[in-house]
1. Would you kindly work out the equivalent ellipsoid of the stretch 11-100 from its C-alpha gyration tensor and give its semi-axes, the square roots of five times the eigenvalues, largest first in whole Å?
2. When ranked by the protection proxy of mean other Cβ atoms within 10 Å per residue, highest first, what sequence do the peptides 37-47, 92-102, 51-61 form?
3. Given the DSSP H assignment, sum -39500 (n - 2.57) over each helix run of at least 4 residues in the chain and divide by its residue total; what's the result at 222 nm in deg cm²/dmol, nearest 500?
4. Using only the alpha-carbon atoms, how far is helix 24-42 inclined from the longest principal axis of the chain? Give it as 0 to 90 degrees, nearest 10.
5. At 7 Å along Cα-to-Cβ for each site, give me the label-to-label distance between residue 84 and residue 50 in nm.
6. Compute the helix-to-body angle for 67-76: its Cα long axis versus the longest principal axis of the chain, expressed 0 to 90° and rounded to tens.
7. How long is the gain from residue 14 to residue 61 if the chain were fully straight, where each residue apart is worth 0.36 nm and the alpha carbon distance is subtracted?
8. Picking from 31, 48, 16, which is most flexible by a Gaussian network model of the chain using Cα springs under 10 Å?
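No value in this document is a laboratory result; all are computed from the given coordinates. Keep in mind that this is a model prediction, so the values were computed, not measured. Here the Cβ positions follow ideal geometry from the backbone for every residue, glycine too, while neighbour counts run over all protein chains shown.
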């Protein structure tokens with residue numbers, strides 16, 4: 001599913017999670033491959049990994065070309081070995097939110 005859906009509005013996924021103790025190095029090392037796999041399979045447009053002020057808590061932002069692309073990624077992302085390996089560093093999913101982009 002490469003490319004944007006014609007006329008679709010991009011959506012941003014905001015994912016807060018806690019990592020396993022001592023997993024920061026592995027989380028950072030596996031990041032590029034996980035993002036590349038999402039980009040290739042689901043048309044991911046951009047992604048930013050952020051460390052929060054709270055110990056062990058991270059925020060990941062994923063920009064998809066459409067809600068349909070984001071839904072497909074959510075349903076199938078664990079089939080991607082690079083992504084599944086990266087997610088193995090996550091101890092707890094704290095929250096997810098989807099927002100629609102309305103401006104630059």
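1. 21, 15, 11
2. Details: 37-47: 18.5, 92-102: 10.9, 51-61: 13.5.
Ranked by mean Cβ neighbours within 10 Å, highest first: 37-47, 51-61, 92-102.
3. Taken over the chain, the calculation gives -10500 deg cm²/dmol.
4. Between helix and principal axis, roughly 20 degrees.
5. Here the modelled spin labels are 3.1 nm apart.
6. Tilt relative to the chain: about 40 degrees.
7. Details: separation 47, 0.36 × 47 = 16.92 nm, distance 0.48 nm.
Additional length available on full extension: 16.4 nm.
8. Of 31, 48, 16, the most mobile in the Gaussian network model is 48.
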